Every structure is written in structure tokens, then in C-alpha cells.
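These notes are about the structure you will find just below.
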Amino acid sequence: MDILLWIVVLVLFALSIAGIFLPVLPDTILLWAGFLLYHFFIADPGAGLPASFWWGMVVFSILLYGADLLTNMYFVKKYGGSKWSSVAAAAGIFLGIFVFPPFGMIILPFVFVVLVELLVQNQPFERAIKAGVGSLIGFLGSAVVKVVLQVTMIIWFFLAR
């Protein structure tokens, strides 16, 4: 039975990594499901994961949720986008989860940023496109950050057990 449960834990971890690129998969929740499955069904009673692990996972989970928004907003600003474009990029990510996933998370922030720069900020087309490209780089940057965070969480899990 333990072997089957370990297989499920490993599959949950693999699906959590896939969830970075397929937003229909709740990446952080899948990680936590693997941790909880181990803690309550595989570990010997009283010998589960320590409190320091759980507190660390809370911090990492918050960072995971913030990675998309923060990196996208940072790169939009870095590529010349306005404060409103940063807000538009965040809104595009959020709406993109529901509209044409997973591509909506890439396309909508780009479109929203370009439209805000053109229509609200009255910027030239080239500058609007440059800010939109910042949103694309932000998405890719957040994917890298999320992979690093999730791999760190998984490694910590194996070290803590």
C-alpha cells in the first residue's frame, strides 16, 4: 500500500510542476496534497513532517501565488509600461486563467498592456508593443521562478521526512 501511496505523491508533485504551464492544474494545491498524503497516510504516527517544514511551505506557497503578478508587473515597468499597464497585466493574468487557458495567461496580459499604453497613456505603437513584450517576458520569468520554488519545496520535503 505504501508503494501505491508514494506513486500518488510523486504524481502529485509532477502534476504540480505541469501546473505552472497548464493553469487549469492548481500547482500549489497539488504540492500540498502530496505533503498531506505523506504526513497522514505514509509517515509513522507522530513521525510526520516537522512544524518548521509546514511554516516554510506556507511562506513558499505565498511566494508561488505572488510570482505571476509580481514578475509580470516588474517586467512591464522595466520595458517602459505605465503603472496602469502593470495593473492591466495583473488583470490579464487573472482573466487569462479563465479565458482560453493556458494561452490566455500569455495573450491577455500582452493585449491589455498594449491597449492601455495606446488608448489610455497615448503612447506610440512601438512603445506600447515594447511594454507588451515586457508582459511576455514577465510570464516566462515567473514560470522560471515558480519552477525553482516548487523544486525547492519538493527537495525540502524529501529532506524533512
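The values are calculated or read from the model by the stated rules, or taken from the named source; none is laboratory data. Keep in mind that what you see is a predicted model, and the values were worked out from it rather than measured. Backbone-built Cβ (ideal geometry, glycine too); neighbour counts: all protein chains shown. Ligands, DNA and RNA are stripped out before the accessible areas are found, and what is left, the full protein with its side chains, is counted by its heavy atoms. Shrake-Rupley method; radii C 1.70, N 1.55, O 1.52, S 1.80 Å.
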Once fully extended, how much extra length lies between Trp55 and Phe21, figured as 0.36 nm per residue of separation less the alpha-carbon to alpha-carbon distance? 9.6 nm
Mind grabbing the accessible area of Phe100 for me, 1.4 Å probe, Å², rounded to tens? 130 Å²
With a ≥ b ≥ c taken as the square roots of the eigenvalues of the C-alpha gyration tensor of region 16-77, please select rounded if a/c is under 1.5 and otherwise prolate if a/b is larger than b/c or oblate if it is not? oblate
Output the peptides 86-93, 133-140, 152-159 sorted from most to least packed, where packing is the average of other Cβ atoms within 10 Å over each peptide's residues. 86-93, 133-140, 152-159
With a/c under 1.5 counting as rounded, go ahead and sort region 59-119 into rounded, prolate or oblate using the C-alpha gyration tensor (a ≥ b ≥ c being the square roots of the eigenvalues; past the cut-off, prolate if a/b is larger than b/c, else oblate). oblate
List the residue ranges in the chain for DSSP H helices whose C-alpha atoms run 18 angstrom or more along the long axis and whose Kyte-Doolittle average is 1.6 or above. 2-18
Could you tell me the calculated FRET efficiency between Val8 and Lys83, based on Cβ-Cβ distance and R0 = 35 angstrom, to the nearest 0.05? 0.20
